[in-house]
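The values are calculated or read from the model by the stated rules, or taken from the named source; none is laboratory data. Here the structure is a predicted model, which is why all the values come from computation and not from measurement. Quick reminder, even Gly has a Cβ in these numbers, built from the backbone with ideal geometry, and neighbours come from all protein chains shown.
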Amino acid sequence: MTIRIAALVSLLCLAVPPVLRAQEATPPSSSGSRDSLPYVNLYLPEGQASVRLRKLIRNVLFESQIDYKFVTGDISTFLRYKYYARDFTYKIAVFDSIGFSGVQSSSLDFDRVRGGLLLFELPRNYNERYFLLLQDDRLTFGNSADADNRKNNIYTKIAYQYGTPFDERMNAIVGESRGRITPVLTAFREIGPQKTGIALALTESARLATGDYRYTKVEGEALRRWDTTPTSFVVTRFHLGTILGKQDLCALSTPPATCIGKTIAQVDRYSVPRYEMFKLGGRDALKGVKDDSSLGTDELHLTNEYFVPVFRNRDFRSWILHWNTLYGIGYLGVGNFGFSASDVVKSRTAVVDAGLGTETSLTVRDFEVLVSVIVAKPFHAPDNLKGKSIRFSIKTVR
């Protein structure tokens, strides 16, 4: 517990200065004060809260962010500096993320990723843009015997995006993958022109300088909104990812029999950091599958969310809350994952899940609050992925 508290204090100190400096550089005013208010997001049952503080001074955006998981004690901090030019933008960011095995555990085991990145965005027009990312991640583990302890992951990403520039999920594919505000549902998302969005990314990790990994990651996503009536619609999302050039560490060990007789998770057999692998479950994939039980180097999934309005553009008042819009939602998803391309096309291990949910928009003073709830359950899946998930999120927008 002591190491958790120390990490929390040090990372909170890291997250504060940019916003303070930004506020000092701006003359005090009522509008400036309002611009510096935090954006708050809460995810349950994961017990995760995310708070963003941001300030725009002329054509420079200063932002700090803190993510904290109450259940495990995991904490992440981000500092970002983004410069807006006429024909491009660039972002400089540093981050520090610490994860623990559990808040009730007395073990000092933890995993920590610290790093920095430089991200260039080159818009072709409002709907199309290209990206170039340079990033260095430093991995540290409480268990010094971990094969990835004190290693560096240096990689470059080139990417293309079509659609709105404000979609968090697609932005995580083409740019900075950490610290994104991920909604559980999609009713209030801006998808893009002709109700279509596309993101494609190629990531190359190389043993340059202090780099210790070598692999190629290919990822793509397509998003489409289909209007079934003037007020109801379906949002379809298709995601596909694979990691090429990975090496089986057990096969490379000397002698090869080193792994025999040891309990080694399959995700730890390959020369790819866990955080770079794909998840079949979670808020941005199959809703009914647990996040940490479905990691792989190859993955695909297709989800459909059918939105039917209960009421729209109303002003139902309850104390300080103004209820604007409420949707009922039917959800259906299918997908698979594994460690080779052949794994994701096996019908025997495919996962099919379904669920019901709701999403509402309400106003609290000058904040718009988006509340999403969904209950989903796999009805065709391997035994270790079966169960039921309830996902809940609150997101504030100004």
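Please verify whether segment 148-170 includes one or more residues that are buried (at least 20 other Cβ atoms within 10 Å of the Cβ), part of a helix (DSSP H, G or I) and either at pLDDT 90 or above or among the hydrophobic types (A, V, I, L, M, F, W, C) (or both).
Taking every residue of segment 148-170 in turn, at least one turns out to be buried (at least 20 other Cβ atoms within 10 Å of the Cβ), part of a helix (DSSP H, G or I) and either at pLDDT 90 or above or among the hydrophobic types (A, V, I, L, M, F, W, C) (or both).
Let's see how each residue does on (1) at pLDDT below 85; (2) assigned by TED's automatic domain parsing to the domain that holds Val375; (3) touching a helix residue (DSSP H, G or I) at 6+ places or on another chain (Cβ under 8 Å); (4) of a type in the set (Gly, Ala, Ser):
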residue	(1), (2), (3), (4)
Ala285	no, yes, no, yes
Val289	no, yes, yes, no
Ser293	yes, yes, yes, yes
Thr297	no, yes, no, no
Phe307	no, yes, no, no
Asn313	yes, yes, no, no
Trp319	yes, yes, no, no
Asn324	yes, yes, no, no
Gly330	no, yes, no, yes
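Here are some conditions: (1) more than 18 Å from Asp291 (Cβ to Cβ); (2) crowded, with 17+ Cβ neighbours inside 10 Å. Phe367 meets all but one. Which one does it not meet?
(2)
Would you confirm whether or not segment 267-285 contains a residue that is polar (S, T, N, Q) and closer than 22 Å to Asp227 by Cα? I'd like the intermediate steps shown before the answer.
Applying the first criterion (polar (S, T, N, Q)) to segment 267-285 yields 271.
Next, from what is left, pick out any that are closer than 22 Å to Asp227 by Cα: none.
No, segment 267-285 has no match at all.
Select, from Thr231, Thr242, Thr196, the only residue that is of a type in the set (Val, Ile, Thr), modelled with pLDDT of 80 or more and in contact with a Gly (Cβ under 8 Å, 6 or more places away or on another chain).
Working: Thr231 fails: in contact with a Gly (Cβ under 8 Å, 6 or more places away or on another chain); Thr242 fails: in contact with a Gly (Cβ under 8 Å, 6 or more places away or on another chain).
Just one listed residue meets the conditions, Thr196.
Can you tell me which residues in segment 45-64 are within 22 Å of the chain's Cα centre (by Cα) and either at pLDDT below 55 or crowded, with 16+ Cβ neighbours inside 10 Å (or both)?
Our first condition is that a residue be within 22 Å of the chain's Cα centre (by Cα); within segment 45-64, this holds for 45-54, 61-64.
Listed by number, the residues that qualify are Glu46, Gln48, Ala49, Ser50, Val51, Arg52, Leu53, Arg54, Leu61, Phe62, Glu63, Ser64.
Just wondering, is there one or more residues in segment 375-388 that are of a type in the set (Val, Ile, Thr) and within 9 Å of Gly288 (Cβ to Cβ)?
First, pick out the residues of segment 375-388 that are of a type in the set (Val, Ile, Thr): 375.
Restricting the remaining residues to those that are within 9 Å of Gly288 (Cβ to Cβ) gives 375.
Yes, segment 375-388 has at least one match.
Take Arg283 and decide whether it is basic (Lys, Arg), in a strand (DSSP E or B) and more than 13 Å from Val351 (Cβ to Cβ). Break it down stepwise before answering.
Details: basic (Lys, Arg): yes; in a strand (DSSP E or B): no; more than 13 Å from Val351 (Cβ to Cβ): yes.
Spelling it out, it is not the case that Arg283 is basic (Lys, Arg), in a strand (DSSP E or B) and more than 13 Å from Val351 (Cβ to Cβ).
For segment 226-248, name all the residues that are buried (at least 19 other Cβ atoms within 10 Å of the Cβ) and under 30 Å from Lys195 (Cα atoms).
Passing the criteria: Phe233, Val235, Arg237, His239, Gly241, Thr242, Ile243.
Just to be sure before I move on: is Tyr306 buried (at least 20 other Cβ atoms within 10 Å of the Cβ) and part of a strand (DSSP E or B) in the structure I sent?
Details: buried (at least 20 other Cβ atoms within 10 Å of the Cβ): no; part of a strand (DSSP E or B): yes.
In short, no.
How many of the residues in segment 370-398 are surrounded by fewer than 16 Cβ atoms within 10 Å (Cβ to Cβ), modelled with pLDDT under 85 and of a type in the set (A, V, I, L, M)?
2
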